Amino acid sequence: MTDRPIHEIPIDPEDADLSFLRRAAAHDGRVSPADWDALAAAAGAAPSAVPSAADVVASASALPLNVTQTGMPEVPPSAPPTMPPPMSAAPFTAPPPASAPLNAPPPVASSSLNAPPPVGGTPYSAPPPVAAPGSVGGPRPVAASAPPIMPSGASASHIEPVVPLPASTARADWSPSEWEEPTKAPASAAAPTVRHTDSKGDPELLAALHELIASRGSDLHVSKNAPPMVRIDGTLRPVQSTGSWDADRVARALYSIVTPAQMAHFEEKQELDFAFPLTEQSRFRVNFYRQRGTIGAAFRLIPTEIKRLEDLGVPEVVGRFSTLPRGLVLITGPTGSGKSTTLAALVDIVNETRSDHIMTVEDPIEFVHRNKKALVNQREVGADTQSFQNALKHVLRQDPDVILIGELRDLETISTALTAAETGHLVFATLHTQDAGQTIDRIIDVFPPHQQGQVRQQLAATLQGVVCQTLVKKATGQGRAVATEVLVATPAIANLIREGKTYQIGSAMQAGRGAGMHTMDQHLAELVNAGTITITAAREKAHDLDTLQRLVTRQDGAAFDPAADFDHMHAAGGQ
């Protein structure tokens, strides 16, 4: 089988992966898993005309309400399958058996039809009430005008295509575990044997994720012609529980953990970001992508526990930004540098110490914040709002005190962040930049030339601090240490921004230890001198090798104190 959209994959009644398609259809509200069994049984009766997934799901949307999880009504072997009439038609009458005729019961008050009794059975009696539509295990409502199910040999051109769920129906807290194992349909000669997989997804994929957690790794990569790979202490290595996966194996594993709405979004956009809860204690940020025509994925482990800044190794001065009443604070660094972890720790300080309203816009939600002293509302792009721009258009009408923006991606998002900081809100956001000077230039350069002067004025007035960080392998070989660069918006820094002299910011930071500032090279040298990292590892992350070498070899005990005089600087009239 070649790699192609899920709705084009033919259904084999004996295929073990049919169980995922059954659960997907059930979650989509089109047909229960047991009814899927019955459809597969019908397909098994005509091997030469096995329907595709799209055919069967489209046909399943027409199921009448008398079809329950106990299976389709039994029909005498000699009689061809007969579909019940539309709901507006006359009451249903069961086909007469060979011996004594049996009349159908009078119509019931509900809109559902009652299944006929077995051939030769006792006088008919109505079945007990079923669960309300939409409840677990209950029948799902369908339109009264739905067409009958077409036989498996019918042409796909005569079947209306399934309209995918809108992206707004996706849920950040969705877990495949919500697909409970259905009650199996009664065994019959025509019913195929369906082998059920783990209700949470592909077993080997889940085993790889558990192995990642057990080995204290950070990422899992899944793509064709390679085994799943885990990143441990910055190095990729194959998982031990499985071998190489081809394109079909990768597709089956990855599609087993998404909802039908997410699947439709990926087929349309070729990209998908979502959060996947493996257990109550472990969640993953997941990205699906296409590479050489096949699906691939990257999983990032999100710690459920929000650590304190001191436990992360972040300088104390960073925590002071959470006490500011207003302004813009930026956390920057390359992908995988721990920006989200630091940002979560800052928000947690606000949550514990201030009676404020915190609004977050994230893609996806990574750390879940519980209300403590503050009120926290978290919005996820794709699930709770269409985009960062759409959410930020309305955020100022939601009475926020503190706003967290997952990423400053474009002009409109950056402009809104500056406006929010300018109007008295404390705004936290992230960027993928390497140092403080580059961060300021990136924000200004997003705007057209005729607006850049105004943006410099806004940024000089609102920027409170920039924290650039990266992760460096520890000297012990176990784990990684965080190295940071911290800019504090002193009057001198504000003037450099206003005058467009961002190239001088690095020198101002080197001389600004008293204000709590330090450069990346200064912190790397401090970590080397303390024996936390090696000089070789420090060189890989240094911005200026000569400066790093000079700071490391001095060994004069003049280690900088990033937190020194931070409060004194602000009391003296700093930004």
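Counting only residues that are of a type in the set (A, V, I, L, M, F, W, C) and farther than 10 Å from Leu487 by Cα, region 498-515 holds 1 of them.
A quick yes/no check of all residues on (1) surrounded by fewer than 16 Cβ atoms within 10 Å (Cβ to Cβ); (2) in contact with a strand residue (DSSP E or B) (Cβ under 6 Å, 6 or more places away or on another chain); (3) of a type in the set (Lys, Arg):
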{"position": "Ile358", "(1), (2), (3)": "no, yes, no"}
{"position": "Lys373", "(1), (2), (3)": "yes, no, yes"}
{"position": "Val395", "(1), (2), (3)": "no, yes, no"}
{"position": "Thr416", "(1), (2), (3)": "no, no, no"}
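Name the one entry in Leu330, Leu312, Leu301, Leu324 that is in contact with a Ser or Thr (Cβ under 7 Å, 6 or more places away or on another chain) and either at pLDDT 95 or above or over 27 Å from Val230 (Cβ atoms) (or both).
Unique residue meeting the criteria: Leu330.
Report yes if Pro449 is surrounded by fewer than 18 Cβ atoms within 10 Å (Cβ to Cβ) and either over 23 Å from the mean Cα position of the chain (by Cα) or of a type in the set (A, V, I, L, M) (or both), otherwise no.
yes
All conditions but one from (1) surrounded by fewer than 18 Cβ atoms within 10 Å (Cβ to Cβ); (2) at pLDDT 95 or above apply to Met520; the one that does not is (1). Gly217 meets the conditions (1) part of a loop (DSSP other than H, G, I, E, B); (2) modelled with pLDDT of 95 or more in every case but one. The failed one is (2).
Restricting Val472, Val528 to those that are in contact with an Asp or Glu (Cβ under 8 Å, 6 or more places away or on another chain), over 30 Å from Ala421 (Cα atoms) and crowded, with 21+ Cβ neighbours inside 10 Å reduces the list to Val472. For region 277-310, the candidate set comprises residues that are among the aromatic types (Phe, Trp, Tyr) and in contact (Cβ under 8 Å) with a residue 60 or more places away in the chain; within that set, the residue that is farthest from Thr385 (Cα to Cα) is Phe299. Each residue in region 237-278 was checked for being assigned to a strand (DSSP E or B) and not charged (D, E, K, R), and 8 pass. Scoring Arg283 on the criteria (1) buried (at least 18 other Cβ atoms within 10 Å of the Cβ); (2) of a type in the set (Lys, Arg); (3) at pLDDT 95 or above leaves a single failure, condition (3). Which residue out of Pro325, Pro334, Pro315 is assigned by TED's automatic domain parsing to the domain that holds Val466, surrounded by fewer than 21 Cβ atoms within 10 Å (Cβ to Cβ) and under 28 Å from Val472 (Cβ atoms)? Selected residue: Pro334, the only one of Pro325, Pro334, Pro315 that is assigned by TED's automatic domain parsing to the domain that holds Val466, surrounded by fewer than 21 Cβ atoms within 10 Å (Cβ to Cβ) and under 28 Å from Val472 (Cβ atoms). Taking the criterion of being of a type in the set (Asp, Glu), within 17 Å of the chain's Cα centre (by Cα), modelled with pLDDT of 90 or more and not assigned by TED's automatic domain parsing to the domain that holds Gly217, would at least one residue in region 341-353 satisfy it? Within region 341-353, none of the residues are of a type in the set (Asp, Glu), within 17 Å of the chain's Cα centre (by Cα), modelled with pLDDT of 90 or more and not assigned by TED's automatic domain parsing to the domain that holds Gly217. Determine, yes or no, whether Asp445 is under 14 Å from Leu330 (Cβ atoms) and acidic (Asp, Glu). So Asp445 does not fit the description; no.
The values are calculated or read from the model by the stated rules, or taken from the named source; none is laboratory data. On a predicted model such as this, the values are computed, not experimentally measured, just so you know. Every residue, glycine among them, receives a Cβ derived from its backbone with ideal geometry; neighbour counts consider all protein chains shown.
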